[in-house]
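Chemist: Have a look at the structure that comes next, please.
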Amino acid sequence: MLIEGFKFGMLLQLAIGPVCLYIFSLGVNESFIHTLFGVFGVILADAMYIILAILGISSFIKNEKTQKSFNLLGGCIVIIFGLQLILGYFNLSILPSINLFKGFNSNLPFVKAFFLTAANPMTILFWIGVFSTKLNECSLSKKLILLFSIGSLLATLIFLSFIGFIGSLSNNFLNKNILSILNLSVGLTLVYFGIKKIKK
């Protein structure tokens, strides 16, 4: 069941989205250790959604009005992160003006990655679908559900750590101008994802 969970988790990761792009951008701009903070933030958000999926909140999340609210909030958060990267190209910033995390600079990637992941309603819908299917297929014990969940989170850890590592390698081999353009591209892509999410 651990391997089964790993497969499902990897399936989710292979659907490249704003979180993957953000982790890559972290790898490019920060040390690999800071990037890992971001990966752990994603894992925490995934774990939270897995727990909610197991507890069975599908009827609440699948409500059309709730989904629209999630899409609006999630889209706004993704756009803010995208704008942050775009403005970084011009040596400007919007997030430091929000002093909620003052004194926790080393853990800021963790917080950003957590909110970016938590803002994606597709994540909770994915896990609800997965656990609904699994529970209907066979009567899973708590131990098997736990193993499946751990396998899924391991997939997130391995895949995103690899993406962050690739970003770190890019930082070593590419010059600053190319890295700046790369950040600008990631920022524009995040804004696109955010606008698309709001329009749903």
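Chemist: Quick one: how many residues across segment 183-199 are out of contact with any Phe, Trp or Tyr (no Cβ under 8 Å at 6 or more places or on another chain) and under 18 Å from residue 27 (Cα atoms)?
Modeler: Within segment 183-199, residues that are out of contact with any Phe, Trp or Tyr (no Cβ under 8 Å at 6 or more places or on another chain) and under 18 Å from residue 27 (Cα atoms) number 3.
Chemist: For segment 116-200, give me every one of the helices (runs of 4 or more DSSP H) that falls completely inside it and has 3 or more residues that are open to solvent by less than 20 Å² (accessible area, probe 1.4 Å) and modelled with pLDDT of 75 or more.
Modeler: Result: 142-173, 176-199.
Chemist: Now, a different point. Tally time: how many residues in segment 149-181 are over 19 Å from the mean Cα position of the chain (by Cα) and not charged (D, E, K, R)?
Modeler: Going through segment 149-181 one residue at a time, the tally reaches 12.
Chemist: Let me spell it out: the conditions are (1) within 14 Å of the chain's Cα centre (by Cα); (2) within 24 Å of residue 75 (Cα to Cα), and residue 189 meets all of them except one. Which number is the exception?
Modeler: Residue 189 satisfies all of (1) within 14 Å of the chain's Cα centre (by Cα); (2) within 24 Å of residue 75 (Cα to Cα) except (1).
Chemist: Tell me, which residue of segment 66-105 that is open to solvent by 60 Å² or more (accessible area, probe 1.4 Å) and closer than 19 Å to residue 39 by Cβ is modelled with the highest pLDDT?
Modeler: Top of the filtered list is 105.
The values are calculated or read from the model by the stated rules, or taken from the named source; none is laboratory data. Predicted model only: the values in this text are computed from it and were never measured. Glycine also receives a Cβ, built like all others from the backbone with ideal geometry; neighbour counts cover every protein chain displayed. What goes into the accessible areas is simple: the full protein's heavy atoms, side chains included, and nothing from ligands, DNA or RNA. Shrake-Rupley method; radii C 1.70, N 1.55, O 1.52, S 1.80 Å.
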